[in-house]
Amino acid sequence: MSLTLEIVEKLSSAAKAKAKEIGVPMNIAVVDEGANLKAFHRMDNAWLGSIDISIKKAKTARFFDMDSGEIGKLSQPGQPLYNIEHSNGGLITFPGGVVLKDETGVVIGAIGVSGGTVDQDHEVATAGAEALK
């Protein structure tokens, strides 16, 4: 399976619905298996500074095939990936980037969300990812 435009729109719609439900305008980015931007949505009044963050969260998740928050845990001082956020043109290593997998468990992309707290970002990204099922 690959991320078609139809699938990506379904993921984005689910993420936008969750963002509306919690009352936080978000920036939502979806990247494909090559970490190429497939779709981007900036909800009305979402922070401009979060545009880049949402895209980098999605790319970070795809580059390492794990949610961005998991990279964050491994990149703290004394941990094995300390300072990794300086690689690849800049990574975002806090929650809000979620890996997308097909029904067989193969990674097919990632979704990145930014605009609220990291917990809200992760909640919205997860809602988008769950629409894949």
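The values are calculated or read from the model by the stated rules, or taken from the named source; none is laboratory data. All of these numbers come straight from a predicted model, not from anything done at the bench. Every residue, glycine as well, gets a Cβ built from its backbone with ideal geometry; the counts of neighbours run over all protein chains shown. Please note that ligands, DNA and RNA were not included when accessible areas were found on the heavy atoms of the full protein model with its side chains. Shrake-Rupley method; radii C 1.70, N 1.55, O 1.52, S 1.80 Å.
On the stretch given as the range 1-41, residues that are within 17 Å of residue 54 (Cβ to Cβ) and of a type in the set (D, E, K, R) total 6. The set of residues from the range 3-13 being more than 13 Å from the chain's Cα centre (by Cα) and buried (at least 16 other Cβ atoms within 10 Å of the Cβ) comprises 3, 7. Among the residues of the range 76-91, those identified as in a loop (DSSP other than H, G, I, E, B) and within 11 Å of residue 63 (Cβ to Cβ) are 87, 88, 89, 91. Of the residues screened, residue 95 is not one that is outside any helix (DSSP H, G or I) and free of Cβ contacts under 8 Å to residues at least 24 places away in the same chain.
The residue that is least open to solvent (accessible area, probe 1.4 Å), among those in the range 16-55 that are more than 17 Å from residue 126 (Cα to Cα), in contact with a strand residue (DSSP E or B) (Cβ under 6 Å, 6 or more places away or on another chain) and in a loop (DSSP other than H, G, I, E, B), is 46. Can you find, within the range 59-75, the residue that is least open to solvent (accessible area, probe 1.4 Å) among those that are charged (D, E, K, R) and in a loop (DSSP other than H, G, I, E, B)? Looking at residues that are charged (D, E, K, R) and in a loop (DSSP other than H, G, I, E, B), I get 67.
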